[in-house]
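S.K.: Pasting in a structure now, in structure tokens, and then I'll have a few things to ask.
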Amino acid sequence: MTRALSALLATSLLAGTAAMATAQELNIYSSRHYDTDERLYSEFEEQTGITINRIEGNADELMARMQAEGRNSPADIFLTVDVSRLNRAVEAGVLQPVDSAILEARIPQHLQEAENRWFGFSQRSRIIFYNTELVDTPPMTYADLADPAYEGMVCIRSSTNTYNQTLLASIIAHEGEAEARDWAAGVVRNFARSPQGGDTDQLAGLASGECGVAVSNTYYFVRALREEVDGVTEHLDVIGHVFPDQDGNGAHMNVSGAGMAAYAPHPDAAVAFLEYLASDSAQVYFSSGNNEYPAVEGVPMVEELAGLGDFVADDIDLTDVANNLATAQRIFNQVGWP
Ligand code: FE
């Protein structure tokens, strides 16, 4: 049992039933909804006796709601995907620091926000895919995506997408603003088509031959390996993948993460839940629900994901990446990446 949790139970017992009625609840504002999340929540409820209430919705709407509710917000936990959204939650002031020895020990340092206002609990890599019949020599680095050799071949979604914002922010953090701008301009010159659709649509563009090279998060591809995804699954034999920058910074990683709400009415339960998310069994549920890599090392992952192979992951501190998100947005506008 965690320290926060035993403290919680002790307080409840001392304070009697009135306190217990309020202490035995946890309100989660979540923009994540996968089938295995049900097991994630029910296991926590069984282990602790705490009842979870979930409010699900779009991340930005949930943040706006927390801001509007202010000190009266019932939110204990905010859970979402992508560093850029977690960073917006920090900037909106809806999260508070969490002091937990368990989280410090279990979650890799670079996946923790600098002041522990959020923690990454699963990871996805944003990598390069290519049509093996159209492309002999695929790009091996993010920089290669801007190489004139791939003119008219590159499919990647719009700059309004958080995944691309975070990818460019990481390139700025590594290479500086000027080089990142040149890169973005080069990728725009190499577009096979004006950005459209989500990551699955970029993979489908490879299958149809409209795109030679595409950028997608790993879980979209693994989903097509595990279930029928229209326009992708039937053409998997022509789609190859490359984990970029294996001789350099490593492949870009992003997270699903969570933090404690700024005015959490049940702070002990909130910390207990975050600590639970770092446990081995919760890590399996949380990561496999969306075919992601667990944040905690050594936790098993979905077979098809493991089948993509071992790779060097970029371990840049995600707080440093988040600090470059505004610059990334400016660069996208400057280079005309729609
Ligand atoms: Fe996604």
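The values are calculated or read from the model by the stated rules, or taken from the named source; none is laboratory data. Owing to the predicted nature of the structure, the values given are computational and were not obtained by experimental measurement. All Cβ positions, even for glycine, are placed from backbone atoms using ideal geometry, and neighbour counts span all protein chains on display. Ligands, DNA and RNA are stripped out before the accessible areas are found, and what is left, the full protein with its side chains, is counted by its heavy atoms. Shrake-Rupley method; radii C 1.70, N 1.55, O 1.52, S 1.80 Å.
S.K.: Out of the helices (runs of 4 or more DSSP H) lying entirely within the stretch 107-218, which hold 2 or more residues that are more than 23 Å from Leu308 (Cβ to Cβ)?
M.R.: Of the helices (runs of 4 or more DSSP H) lying wholly inside the stretch 107-218, those with at least 2 residues that are more than 23 Å from Leu308 (Cβ to Cβ) span 162-175, 177-189.
S.K.: Could you please find all residues in the stretch 208-225 being open to solvent by 10 Å² or more (accessible area, probe 1.4 Å) and either of a type in the set (A, V, I, L, M) or away from the ligand (no atom under 15 Å from the Cβ) (or both)?
M.R.: Ser208, Gly209, Glu210, Leu225
S.K.: Step by step: first the residues of the stretch 109-146, then only those that are within 30 Å of Ser30 (Cβ to Cβ) and open to solvent by 10 Å² or more (accessible area, probe 1.4 Å), then the one that is nearest to the ligand (Cβ to nearest atom). Which residue is that?
M.R.: The qualifying residue nearest to the ligand (Cβ to nearest atom) is Gln123.
S.K.: Also: Cβ contacts < 7 Å: first residue more than 25 Å from Val94 (Cα to Cα) and touching a residue at least 12 places away in the same chain (Cβ under 8 Å), restricted to the stretch 26-52; second residue in a helix (DSSP H, G or I) and open to solvent by 40 Å² or more (accessible area, probe 1.4 Å), any location; separation 6+ or different chain. Result?
M.R.: Here the result reads Thr36/Tyr285; Arg39/Tyr285; Glu43/Ser281, each pair linking the stretch 26-52 to a residue that is in a helix (DSSP H, G or I) and open to solvent by 40 Å² or more (accessible area, probe 1.4 Å).
S.K.: The conditions are (1) under 23 Å from Asn254 (Cα atoms); (2) away from the ligand (no atom under 16 Å from the Cβ); (3) crowded, with 23+ Cβ neighbours inside 10 Å, and Gly205 fails exactly one of them. Which is it?
M.R.: (1)
S.K.: Still on this structure, I have one more. Here's a check for you: in the stretch 226-248, which residue that is within 16 Å of the ligand (Cβ to nearest atom) and not basic (Lys, Arg) is most open to solvent (accessible area, probe 1.4 Å)?
M.R.: Top of the filtered list is Glu227.
S.K.: Can you tell me which of Glu228, Glu275, Glu303 is of a type in the set (D, E, K, R) and closer than 15 Å to Gly120 by Cα?
M.R.: Testing whether each residue is of a type in the set (D, E, K, R) and closer than 15 Å to Gly120 by Cα leaves just Glu275.
S.K.: Here are Ala173, Ala251: which of them is over 19 Å from Met301 (Cβ atoms), more than 16 Å from the ligand (Cβ to nearest atom) and not basic (Lys, Arg)?
M.R.: The match here is Ala173.
S.K.: Can you pull out every residue in the stretch 290-329 that is open to solvent by 20 Å² or more (accessible area, probe 1.4 Å) and closer than 21 Å to Ser42 by Cβ?
M.R.: Pro300
S.K.: Next question. Give just the number: which of (1) within 16 Å of the ligand (Cβ to nearest atom); (2) open to solvent by less than 10 Å² (accessible area, probe 1.4 Å); (3) of a type in the set (S, T, N, Q) does Asn58 not satisfy?
M.R.: Among (1) within 16 Å of the ligand (Cβ to nearest atom); (2) open to solvent by less than 10 Å² (accessible area, probe 1.4 Å); (3) of a type in the set (S, T, N, Q), Asn58 violates only (2).
S.K.: Something else now. If you go through the stretch 34-54 one residue at a time, how many are open to solvent by less than 80 Å² (accessible area, probe 1.4 Å) and either in contact with a Leu (Cβ under 7 Å, 6 or more places away or on another chain) or not hydrophobic (A, V, I, L, M, F, W, C) (or both)?
M.R.: The number of residues fulfilling the criteria is 13.
S.K.: Another question, if that's okay. Looking at (1) in a helix (DSSP H, G or I); (2) closer than 22 Å to Ala59 by Cα, can you tell me which one Leu236 breaks?
M.R.: Status for Leu236: all satisfied but (2).
Here is a yes/no grid of residues against (1) open to solvent by less than 10 Å² (accessible area, probe 1.4 Å); (2) in the same structural domain as Ile331 (by TED's automatic domain parsing); (3) modelled with pLDDT of 95 or more; (4) within 19 Å of Asp82 (Cα to Cα):
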position	(1), (2), (3), (4)
Pro148	no, yes, yes, no
Val154	yes, yes, yes, no
Ser158	no, yes, yes, yes
Ser170	yes, yes, yes, yes
Val187	yes, yes, yes, no
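S.K.: Kindly check whether there is at least one residue in the stretch 255-269 that is of a type in the set (Asp, Glu), away from the ligand (no atom under 16 Å from the Cβ), assigned by TED's automatic domain parsing to the domain that holds Arg106 and modelled with pLDDT of 95 or more.
M.R.: Yes - at least one qualifying residue is present in the stretch 255-269.
S.K.: For residues that are at negative phi and within 16 Å of the ligand (Cβ to nearest atom), scanning just the stretch 189-201, find the one that is most open to solvent (accessible area, probe 1.4 Å).
M.R.: Looking at residues that are at negative phi and within 16 Å of the ligand (Cβ to nearest atom), I get Gln196.
S.K.: Further question on the same structure: Just to be sure I understand the filter: pairs with C-beta atoms under 6 Å, separated by 6 or more residues or on different chains, first member in the stretch 277-300 and assigned by TED's automatic domain parsing to the domain that holds Leu103, second member surrounded by fewer than 23 Cβ atoms within 10 Å (Cβ to Cβ) and basic (Lys, Arg). Which pairs pass?
M.R.: Partner pairs satisfying both residue conditions: Ala278/Arg106; Tyr285/Arg39; Asn291/Arg223; Val296/Arg106.
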